[in-house]
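First up is the structure itself, then whatever we jot down about it.
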Amino acid sequence: MELGHSTIVQPKDGVISMGEDAPEPQWLDADEQQAWRQYLHASRLLEAAMDRDLQRHGLQLTEYEILVVISEAAKQRCRMSAIAQQVVQSRSRLTHTAGRLEKRGWVRREACGGDRRGVELVLTDAGHAAVVEMAPTHVRSVRANLVDLHSREEFLALGRAMGAVGRGIESKDGFDGVLTSEKQPT
């Protein structure tokens, strides 16, 4: 089958990789395929643009997001497992990222008060100052690369749509199910 912008790729010889008992999928039509591809392309560009804009502060969007989660938490401290779930990172990846943030003096790890097995990340004064310094750069980037490209109604509809996507995935797979791709052998 020739590939093009409106071509829909279907399995060869009717073979579906989901298993023998899997029902035939409802293939995307040309408009749906185009919308899906545009979403993938734009979401990757958006993350790259946000990373680029935060590079002047020497960090990535994922690191900034972790700092913001902690800064918005009660007493500017949050359990690492809760942060991992909120930023959709494996605990292992979050541990590595937290280590980089610790080296900069922006967070510290402490045992959870009520549960000594758990670990909390605590935002330091230097970390709070860094968030305050970086926030204007971040919000300008969010506006320039996403919010201001839409009417208010379109942007709020996008938020509702992505909220539905998140809830749908989490209700089927749960948080750990989403991260299985990080755990697959190479």
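Please treat every number below as a calculation from the coordinates, not as lab data. All figures in this text were calculated on a predicted structure; none of them were measured in a lab. Counting neighbours? That spans all protein chains shown, and the Cβs are built from the backbone with ideal geometry, glycine included.
How big is the dipole moment of region 27-186 about its Cα centre under a simple scheme where the beta carbon of each Lys and Arg is +1, that of each Asp and Glu is -1, and everything else is neutral? Debye, nearest 20, please.
The calculation lands at about 640 debye.
Rounded, prolate or oblate: pick one for region 28-186, where a ≥ b ≥ c are the square roots of the eigenvalues of its C-alpha gyration tensor, a/c under 1.5 means rounded, and failing that, prolate if a/b is larger than b/c, else oblate.
oblate
Hey, what did region 35-161 get for relative contact order, percent, Cα under 8 Å, at least 6 apart?
Normalised by residue count, the contact order of region 35-161 is 25 percent.
Over the residues of region 48-91, compute the C-alpha Rg and express it relative to 2.2 N^0.38 Å.
1.22
Listing ASP125, ASP53 from the residue with the fewest other Cβ atoms within 10 Å to the one with the most, what is the order?
Lowest count first: ASP125, ASP53.
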